[in-house]
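One structure is given below, encoded as structure tokens.
The values are calculated or read from the model by the stated rules, or taken from the named source; none is laboratory data. Since we're looking at a predicted model, the values are computed, not measured. No Cβ is skipped: glycine too gets one built from the backbone with ideal geometry, and neighbour counts run over all protein chains shown. Ligands, DNA and RNA are stripped out before the accessible areas are found, and what is left, the full protein with its side chains, is counted by its heavy atoms. Shrake-Rupley method; radii C 1.70, N 1.55, O 1.52, S 1.80 Å.
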Amino acid sequence: MFVSLTARIAAIGLVVVLALGSLAGLLADASYEASQSFHAAAHSAGVIETTEAALGDLREAESGQRGFVISRNPAYARSFAERVDSAARTIAKVVDQTSDNPLQHARAREIALLMKERSTFLLQPLDLARHGNFTGAVAVITLNRPQVLNAI
């Protein structure tokens, strides 16, 4: 096939160069894929962290509401509106963060809606208690469902 030794060496050298080029291409592609995977994982972690922060704010609002209803100490209720607003702002960030993924975006919007509904529900016993109807507030919390607000 190859007559001279130089032609054979050149052919082997060409095969080695092509193999090294292919290996370099594969390594560059693997590096790019790893970088993209790392970016996606970091993005997902950020979305999870932001969602947990929003849910934490809502839990703190509920805790303050219940603390006020149980202890009748208004200090517990003071941060309620701030925590609910913070939860709404934070879950709105999650909705924005997931705009690149339609399925996750729809889920984030659904969570935001559920959090808004929960915030509205949490306000009812707080309002009852602020108007001195602690028994009604406890009943709403105990039953875990809204009551007609004309009891105020």
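For this structure, a couple of remarks:
- For segment 32-42, filtering for residues that are open to solvent by 70 Å² or more (accessible area, probe 1.4 Å) and not acidic (Asp, Glu) leaves 5.
- Test: residue in segment 77-95 that is open to solvent by 30 Å² or more (accessible area, probe 1.4 Å), at pLDDT below 90, in a loop (DSSP other than H, G, I, E, B) and not small (Gly, Ala, Ser): yes
- Among residues of segment 54-75 that are in a helix (DSSP H, G or I), those with a beta-carbon under 7 Å from a residue that is open to solvent by 70 Å² or more (accessible area, probe 1.4 Å) and among the hydroxyl-bearing types (Ser, Thr, Tyr) at least six positions away or on a different chain give the pairs GLY64/TYR76; GLY67/TYR76; PHE68/TYR76.
- Identity of the residue in segment 109-148, in contact with a Gly (Cβ under 8 Å, 6 or more places away or on another chain) and not aliphatic (A, V, I, L, M), that ends up least open to solvent (accessible area, probe 1.4 Å): PRO125
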